[in-house]
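Colleague: Below you'll find the structure I mean.
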């Protein structure tokens, strides 16, 4: 599907795919088995400038466009959803600071984030607050010398490794986001294990007890988080997840195709059987459709198009639905080999369900998309 890209974007795609693939093409299953992304991988990402891909050059980043970022997430997702998630959550914090941080926050933090000297993570989810973030109970209260942060966050991707946390809390004037340093005396970080997928993503629980937070660690004004900051942050995450899913679907399609072309079943290659042909056709067509919608969403973001938010939601919805469906079919078509961890398809199958949930479940995206899509269709427009 490179015909959807400009010549420069095609070259970027080839370069980043070769870069990531040459370094880590066979490592993803080992990371998932061990439940850990090695420190050398994090250092490699820093050395390649990937932590600064979404940060403007003036702060030491690469300043890549949304299309270029999408192709990066696709390449990383093809290798490992956990690796792609590391760059994604770091990027969510970085983009938030680029767009909404104060001059001091940008000048102080962005160079370290761009270089990978500091790794960032997002703390939003709580036990009783997932897709509906209005129910968060973490509080940011006033104290004479700043603020006091109290609460518990769960399922923080790379929370175990992060040096800096972007925390969503309730303030006196509404929801607010603040920055929390890992070394804060009131912060306790513990690992979360046993997750269905993203097993190498260093998930953690953060318990915050009377954490002192400086006044200049708050991003934006009170109430700003729920209406502007969090939607912007989630849009970056959903765009990344859509492209990650595209890369994972391409991986499942590639491995399943190689298997059915080579495997003999009842005297014929598996691909010569009608049911397998239906499966492969649907998988290939959906993979192409997902890629096209991801490119469309990225271009809308780059153009600051008013339809960008909707197109990102559509891309995330289609990509994760298709990945979940076809990764299950790939495991089925490959039989026992599909269930074997080293082949990678089993990990894609597990990770697909997690990607379908994070940054907005299909049900939430349907709630956000249904009315505007229906209104536009009724008016004779196109999505």
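All of the numbers you see were taken from the coordinates with simple rules; none came from a lab. These figures come from a predicted structure and were not determined experimentally. Every residue, glycine as well, gets a Cβ built from its backbone with ideal geometry; the counts of neighbours run over all protein chains shown.
Colleague: Can you sort 65, 356 so the residue with the fewest Cβ neighbours within 10 Å comes first?
Modeller: Sorted ascending by nearby Cβ count, the order is 65, 356.
Colleague: Could you give the nm distance between label points at residue 99 and residue 282, where each point is 7 Å from its Cα heading toward the beta carbon?
Modeller: In this crude spin-label approximation the distance works out to 3.6 nm.
Colleague: Mind telling me which of 252, 289, 121 comes out most flexible in a GNM of the chain, alpha-carbon contacts under 10 Å?
Modeller: 289
Colleague: Using the reciprocal of the averaged 1/r over all distinct C-alpha pairs, how large is the Kirkwood radius of the chain in Å?
Modeller: About 21.4 Å for the chain.
Colleague: By average Cβ neighbour count within 10 Å, what is the ranking of 317-324, 336-343, 111-118, 236-243 from highest down?
Modeller: 236-243, 317-324, 111-118, 336-343
Colleague: While we're on this one: Can you tell me which of 59, 155, 349 moves the most in a GNM of the chain? Springs connect C-alpha atoms under 10 Å apart.
Modeller: 59
Colleague: How do 234, 160 line up, fewest other C-beta atoms within 10 Å first?
Modeller: 160, 234
Colleague: Distance in nm between label sites at residue 172 and residue 117, each 7 Å beyond Cα in the beta-carbon direction?
Modeller: 3.5
Colleague: Something else now. Taking the square root of 5 times each eigenvalue of the Cα gyration tensor, what semi-axes in Å does the equivalent ellipsoid of region 2-118 have, largest first?
Modeller: Whole-Å semi-axes of the equivalent ellipsoid: 24, 19, 11.
Colleague: OK, next. Hey, fewest Cβ within 10 Å first, where do 366, 68 land in order?
Modeller: Ordered by Cβ neighbours within 10 Å, fewest first: 366, 68.
Colleague: Another question about this same structure. I'd like the orientation of helix 274-302 relative to the chain: the angle between its Cα long axis and the longest Cα principal axis, in ° from 0 to 90, rounded to 10.
Modeller: 30
Colleague: How many nm is it between the label spots at residue 195 and residue 26, if each spot is 7 Å from the Cα in line with the beta carbon?
Modeller: It works out to 2.7 nm between the two label points.
Colleague: Considering the alpha-carbon set of region 121-221 alone, what are its Rg and its Dmax in angstrom?
Modeller: 13.1, 44
Colleague: Taking the chain as a Gaussian network, where each spring joins two C-alpha atoms under 10 Å apart, which residue of 70, 284, 91 fluctuates the most?
Modeller: 284
Colleague: Right, here's the next one. Report the calculated FRET efficiency for residue 340 and residue 6 (r = Cβ-Cβ distance, R0 = 56 Å), to the nearest 0.05.
Modeller: Between residue 340 and residue 6 the formula returns 0.90.
Colleague: So for region 259-383, averaging the separation of alpha carbon pairs under 8 Å that are six or more residues apart and normalising by length, what relative contact order in percent results?
Modeller: Reported relative contact order: 18 percent.
Colleague: Rounded to whole Å, give me the distance from the Cα center of region 258-326 to that of region 131-145.
Modeller: If you average the Cα positions of each part, the centres end up 40 Å apart.
Colleague: Using R₀ = 25 Å, calculate the FRET efficiency as 1/(1 + (r/R₀)^6) where r is the Cβ-Cβ separation of residue 371 and residue 325; round to 0.05.
Modeller: Computed FRET efficiency for residue 371 and residue 325 comes out at 0.50.
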